[in-house]
Amino acid sequence: MRRAMALGAVASILFVVGCAEEEPWRGAPAHSVSARFEGLSDVIVVNVVDRLPLRSATLVAPDGERVPAYSLDVRSSPIVAPAQAEAIFMASPGVPRQVTRIDVMSSTALIQLPDPTRYAKDWPDWRVELRIGEPGSAGRDVTLEAPKPPR
């Protein structure tokens, strides 16, 4: 019986930890904005964690050319998975299981480079412009430096 309970606890831990790895906002601060390359060398990934949703993301070239995001995904009130130590504690028999929710939105935008060679030559002169929230309300515009291209 004890062996079955121990195996059940281990399975629960692996499930909770495995689920935690899938969420992009795990460990992210309550408010953050970033633009970087992840995986693909010609796609900039913009991540915003804020109480307001990301409404637009645009890459702006030095000559004024504007490249809007081709994908924008917003998730409200993301679930924050417990840290591994908390998952182990929560998997113990008799401990109440709980999930923490925070009142923020996790937004991800994808921007494809129009010309990766051109971008690599003068990337410090490019910028990423974001619109967070709705115009006229509590929304705001944010400008980020363009990320360094991967090598």
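Structure summary
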quantity	calculated
Cβ-Cβ under 6 Å pairs, at least 6 apart or on other chains, the stretch 109-123 side within 13 Å of Glu65 (Cα to Cα) and in a loop (DSSP other than H, G, I, E, B), far side modelled with pLDDT of 95 or more and not charged (D, E, K, R)	Leu113/Tyr119; Pro114/Val67
Residues that are surrounded by 13 or more Cβ atoms within 10 Å (Cβ to Cβ) and not in a loop (DSSP other than H, G, I, E, B), drawn from the stretch 126-151	Arg127, Val128, Glu129, Leu130, Arg131, Ile132, Val142, Leu144
Members of the stretch 25-72 found to be under 12 Å from the mean Cα position of the chain (by Cα) and either modelled with pLDDT of 95 or more or closer than 23 Å to Pro124 by Cβ (or both), listed by number	Ser32, Val33, Ser34, Ala35, Arg36, Glu38, Val45, Val46, Asn47, Val48, Leu72
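The values are calculated or read from the model by the stated rules, or taken from the named source; none is laboratory data. Please read these numbers as outputs of a predicted model, since none were measured by experiment. So basically every Cβ, Gly included, is an ideal-geometry build from the backbone, and we count neighbours across all protein chains shown.
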